[in-house]
Amino acid sequence: MNRSSHIDPELCRRCGQCCRTYEIEYSRDWDPVDLSEIDRIRALAGFGDRCSVREEEGTLVLVIDIPCRYLVEEDGFYSCSVYDDPGRRPLMCEHFPYAHTTRADCPHVREGRS
């Protein structure tokens, strides 16, 4: 079950948008050593070629275009094979979307939010 109060769990179960790519945001103000993580991730064999960097105001966003291993697609709908298994489902997934999540991150964020 999705523990976030910011989404209808049934909509979450059928979408999978947040599970098809993963984004990590880096502030441009961070230490250069921290920012070098972007290059280290992109250099990983078989992994880095599926990463890109998007520049936004004040941030760099590392976009990892690798779907979650638990994501299952059937007839155009996506579902999580461990959605109802709290022992296997990552906590970050159970609590997504977060309070600061926008519709750009999740198309099913409850109404009245940005």
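Across the chain, the relative contact order, built from alpha-carbon pairs under 8 Å that are at least six residues apart, equals 37 percent.
Rounded to the nearest 0.05, the FRET efficiency derived from the C-beta distance between residue 38 and residue 75 at R0 = 30 Å is 0.25. Site-free segments of the chain were taken between GluC sites (Glu not before Pro) in DSSP loops having at most 12 other Cβ atoms within 10 Å, sites themselves excluded; the longest one is 1-56.
Given the DSSP H assignment, sum -39500 (n - 2.57) over each helix run of at least 4 residues in the chain and divide by its residue total; what's the result at 222 nm in deg cm²/dmol, nearest 500? Mind showing how you got there, number by number?
On the way: 4 runs with 26 residues, N = 114.
The helix contribution divided over the chain gives -5500 deg cm²/dmol.
From the P(r) of the range 66-107, can you give the percent of Cα pairs sitting at distances over 12 Å? Intermediate results must be reported in sequence, preceding the final value.
Values: 577 of 861 pairs.
So the portion of pairs separated by more than 12 Å is 67 percent.
Translational diffusion of the range 22-66 was estimated from the Stokes-Einstein equation, with Rh taken as the Kirkwood radius over Cα pairs; at 37 °C and 0.692 mPa s the coefficient is 309 µm²/s. In the elastic network of the chain, a GNM with C-alpha springs shorter than 10 Å, the most mobile of 36, 52, 79 is 36.
Need one number: convex hull volume per residue for the chain, Cα atoms only, in Å³. Intermediate results must be reported in sequence, preceding the final value.
Values: hull volume 14.8 nm³, N = 114.
Dividing the Cα hull volume of the chain by its residues yields 129 Å³.
Which residue fluctuates the most in the chain, going by a Gaussian network model with Cα springs under 10 Å, if the choices are 75, 34, 49? It is 75.
Structure remark: mean-square fluctuation, Gaussian network model of the chain, C-alpha springs under 10 Å; the largest value among 86, 97, 32 belongs to 32.
Values quoted throughout were computed directly from the atomic coordinates according to the rules given, and no laboratory measurement underlies them. Since this is a predicted model, take the numbers as computed values, not measurements. With ideal geometry, Cβ positions are generated from the backbone for all residues, glycine too; neighbour counts draw on all protein chains shown.
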